[in-house]
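Report on one structure; see the data block that follows.
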Amino acid sequence: MNDQTVGIVGAGQMGAGIAQVFACAGYRVRLHDQSESMLSRGLKSIEASLKKLESKGYLNNTTQAILSQIAPCQSIEELAGSDLLIEAIVENEAAKAGLLQKLSTLCHENTILATNTSSISITRLAQATDIPERVIGMHFMNPVPLIQLVEIIPAYTTTPDTIQAVKTVVNTLGKESVLSTDRPGFIVNRLLIPMINEAIFVLEQGIGSAEEIDKAMVMGCAQPIGPLSLADMIGLDTCLNIMNVLYAGFKDPKYRPSPLLVEMVDSKILGRKTGQGFFEYN
Ligand code: NAI
């Protein structure tokens, strides 16, 4: 049992996954979402994922024992005094800044405040708080229990001690980290999301069907999953938000979002989470 407590805000696909890996590593986890239904959906998805891993013999504890380490919290104040606070809410700068400001009032003197943002400036988010030296980006990848990497992004103000502490935490999860400078999209999404966006241009220009585009990249480039299936998994709203951050940050037209992506998000067709994206899901 790890003696550290981790508070997580946002119980969507990322927040739930992050809660799961910390609980598996023996941390005490407090999980909060502003929506009660998302909180219970998040807990159900953790249970389903743990059961699957347990049946394959991948867990070193029982599903029930791991679940008992995750405390669902109706109010954000219940996260007060956590050693590490991680936000994993919607990819919107104003929402994240407001939340981090609130979370910074719940910290003790050594609490580290991390954001799972995919692309937004950690330096600007840090400035929304009173503790910019202890704010850092911890970018987990989807699906969190399976992907080994966490990208660590210090703000301009983050201290070396904070960076080292977060590297150590990542190691306790059995994961690897890479360090990225705080630039729009960091390393992973600077490369990944424009590739997905280009695949959507290829689709809307009729160059290939969704199936052909994904097959081309899986079989032709040895990608584990095609770019359009991956967009559905990430969430089309999240992909669009990241393209908008890249476009606004670099002011370079090569980062303009595909009009089809914009149209699908405007139509609330967001991928797996809504059952429909470039492909259909039950
Ligand atoms: P999601 O839409 O599945 O979940 C977001 C959750 O945050 C929802 O349950 C919502 O109710 C909750 N929420 C929104 N505002 C809140 C607030 N003020 N207080 C408490 N809860 C609030 O989104 P997802 O995919 O989990 O993404 C979350 C973050 O993780 C985003 O910043 C995204 O860019 C990042 N991310 C997403 C990845 C992906 O593949 N989807 C991969 C890596 C990072």
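The values are calculated or read from the model by the stated rules, or taken from the named source; none is laboratory data. Nothing here was measured: the structure is a model prediction, and the numbers come from that model. All Cβ positions, even for glycine, are placed from backbone atoms using ideal geometry, and neighbour counts span all protein chains on display. Surface areas here come from the heavy atoms of the whole protein model, side chains and all, with no ligands, DNA or RNA. Shrake-Rupley method; radii C 1.70, N 1.55, O 1.52, S 1.80 Å.
Assorted remarks:
- For first residues located in segment 259-274 and within 21 Å of GLN13 (Cβ to Cβ), partners that are outside any helix (DSSP H, G or I) and lie 6+ apart or on another chain with Cβ distances below 6 Å form the pairs ILE269/GLN276; LEU270/GLY235; GLY271/GLY235; GLY271/GLY277; ARG272/TYR281; LYS273/GLY235.
- Filter result for LEU191 (under 18 Å from the mean Cα position of the chain (by Cα) and surrounded by 19 or more Cβ atoms within 10 Å (Cβ to Cβ)): no
- Matching option when the condition is over 18 Å from the mean Cα position of the chain (by Cα), more than 16 Å from the ligand (Cβ to nearest atom) and small (Gly, Ala, Ser), among ALA25, ALA80, ALA48: ALA25
- For GLN127, the conditions (1) at pLDDT below 95; (2) over 19 Å from the mean Cα position of the chain (by Cα) are fulfilled apart from (1).
- Checking each residue in segment 86-113 for being aliphatic (A, V, I, L, M) and within 11 Å of the chain's Cα centre (by Cα) picks out ILE86, ALA88, ILE89, VAL90.
- Scanning segment 177-184 for any residue that is within 16 Å of the ligand (Cβ to nearest atom) and either among the hydroxyl-bearing types (Ser, Thr, Tyr) or farther than 30 Å from LYS254 by Cβ (or both) turns up at least one such residue.
- Helices (runs of 4 or more DSSP H) within segment 108-215 that include 3 or more residues within 28 Å of ASN2 (Cβ to Cβ): 122-127, 160-172
- Test result for LEU146, within 14 Å of the ligand (Cβ to nearest atom) and open to solvent by 70 Å² or more (accessible area, probe 1.4 Å): yes
- When segment 150-166 is filtered for residues that are open to solvent by 70 Å² or more (accessible area, probe 1.4 Å) and of a type in the set (D, E, K, R), only ASP161 remains.
- GLU36 vs. criteria within 16 Å of the ligand (Cβ to nearest atom), open to solvent by less than 60 Å² (accessible area, probe 1.4 Å), charged (D, E, K, R) and out of contact with any strand residue (DSSP E or B) (no Cβ under 6 Å at 6 or more places or on another chain): no
- Residue among ASN2, ASN61 that alone is open to solvent by less than 40 Å² (accessible area, probe 1.4 Å), at pLDDT below 95 and away from the ligand (no atom under 13 Å from the Cβ): ASN2
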